[in-house]
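Q: Have a look at this one.
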Amino acid sequence: MQQNRNALKLAVTAVLTAVVVVFTMIIRIPTTKGYLNLCDVAICFIAFTFGPASAFIAAALGTALADLISGYAQWAPISFVVHGLEGLLIALIVRSKAGADASPVKKILAGLVCMATVTLGYFALSALFISTAAVALAEVPGNLVQSGIGFVLGLGVSVAVKRAYPPVRALSW
């Protein structure tokens, strides 16, 4: 029975990876060197609902694949690292052994970590590998808005899904 549950978790993670790709590509707002998108909505939903392993894998692979498909291949390694860490850290912060929802303090901390990871990660890595610090700095406000909105919407979707379909909690890993 455990083998079937692991296969189900793996299949769900594959589908969630595709969801991240779609959310990343469906709305793209061009910026100085890249684009803003809705990936953080999907990533935060996954982190709150499905746990650290699913959040890391879906966020890292989904955003990197979307960059490759969209013609932004230079961003794929950076998106893999930044969004993978984002999903992992959020899920670790809000994770509880009893399966209960995280406290409001943990949710606020997760939101701040989400915004800091995306904003600082893209700033530092793009300044090092893609552009200059000045150009990377111009992207900071957009990344703050994208990750902040994504966090709030992702949390809202997670709450709604858990309320409508409580067995989804069993797919967390």
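The values are calculated or read from the model by the stated rules, or taken from the named source; none is laboratory data. In this text the structure is predicted, and so the values were computed from the model without any measurement. When we count neighbours, we look across all protein chains shown, and the Cβ atoms used for this are built from the backbone with ideal geometry, even at glycine.
Q: Scan region 80-124 for residues that are among the small types (G, A, S), touching a residue at least 24 places away in the same chain (Cβ under 8 Å) and in a helix (DSSP H, G or I) and jot them down.
A: Residues satisfying the conditions are G84, G87, A91, A110, G111, G121.
Q: Taking region 20-38 as the search range and keeping residues that are touching a Gly at 6+ places or on another chain (Cβ under 7 Å) and among the hydrophobic types (A, V, I, L, M, F, W, C), which one is surrounded by the most Cβ atoms within 10 Å (Cβ to Cβ)?
A: Narrowing region 20-38 to residues touching a Gly at 6+ places or on another chain (Cβ under 7 Å): 20-21, 24, 31, 36, 38.
Now restrict to residues that are among the hydrophobic types (A, V, I, L, M, F, W, C): 20-21, 36, 38.
Numbers: V20: 30, V21: 23, L36: 19, L38: 21.
The residue in question is V20.
Q: Name the single residue that is modelled with the highest pLDDT among those in region 21-71 being out of contact with any helix residue (DSSP H, G or I) (no Cβ under 8 Å at 6 or more places or on another chain) and not aliphatic (A, V, I, L, M).
A: Across region 21-71, the extreme among qualifying residues is G71.
Q: Among the listed residues L92, L88, identify the single one that is of a type outside the set (F, W, Y), within 20 Å of L125 (Cα to Cα) and in contact with a Pro (Cβ under 6 Å, 6 or more places away or on another chain).
A: On the way: L92 fails: within 20 Å of L125 (Cα to Cα).
After applying the criteria, what remains is L88.
Q: A66 - would you say it is over 30 Å from Q3 (Cα atoms) and surrounded by 15 or more Cβ atoms within 10 Å (Cβ to Cβ)?
A: On the way: over 30 Å from Q3 (Cα atoms): yes; surrounded by 15 or more Cβ atoms within 10 Å (Cβ to Cβ): yes.
Yes, satisfied.
Q: What is the residue count in region 1-53 for residues that are under 20 Å from L92 (Cα atoms), under 14 Å from the mean Cα position of the chain (by Cα) and among the hydrophobic types (A, V, I, L, M, F, W, C)?
A: Within region 1-53, residues that are under 20 Å from L92 (Cα atoms), under 14 Å from the mean Cα position of the chain (by Cα) and among the hydrophobic types (A, V, I, L, M, F, W, C) number 13.
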